[in-house]
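Comments concern the structure below.
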């Protein structure tokens, strides 16, 4: 496979991996007394794509994953909450990566915490009650822990996959 066809194939695999990880995550609810708490497994694919390509490809994979997961396994509200968290998360991860001061795990931690922040902001707006903000601290702690683990996994994946891609292929 050459150039664009190879990149398209990798993007398809990343999207499929994110969807499968999201489905697996939905089978094993991680509800530690806090609504919306999840492990963030699909983010392993997103962070890997962010490090192999750019924020644009990661955003595309995220968008496809959110819409497909929402229509297959969720509802309109799950799409809205996921989109809010994923948008803020990806923006902050891209900025963290660009700063060059964070490891893959550090960037993923930023993503985990800001994803939860985005969802809490939307929840506060939807229910018109700022008290949902009380959930942010346990969600942020979970975002740090799971973000670190997901980031380590994504870093290993990116390191293993990077040699398969030429610089020209990553830039297309």
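Read the figures in this text as sums done on the coordinates, not as results from a lab. These figures come from a predicted structure and were not determined experimentally. No Cβ is skipped: glycine too gets one built from the backbone with ideal geometry, and neighbour counts run over all protein chains shown.
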query = What's the angle, to the nearest 10 degrees (0 to 90), between helix 76-99's Cα axis and the longest principal axis of the chain?
reply = 60 degrees
query = Quick one: helix 104-127 against the long Cα principal axis of the chain, what's the angle to the nearest 10°, folded into 0 to 90?
reply = 40 degrees
query = Relative to the longest principal axis of the chain, what angle (0 to 90°, nearest 10) does the C-alpha long axis of helix 3-27 take?
reply = 30 degrees
remark   = Mean Cβ-within-10 Å packing, highest first, puts peptides 130-141, 79-90, 46-57, 13-24 in the order 46-57, 79-90, 13-24, 130-141
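More than 27 angstrom separation, counting every C-alpha pair in the chain; what % is that?
Values: 3277 of 14706 pairs.
Value for the chain: 22 percent of Cα pairs lie more than 27 Å apart.
On alpha-carbon atoms, Rg over Rh for region 1-92 using Kirkwood Rh?
0.99
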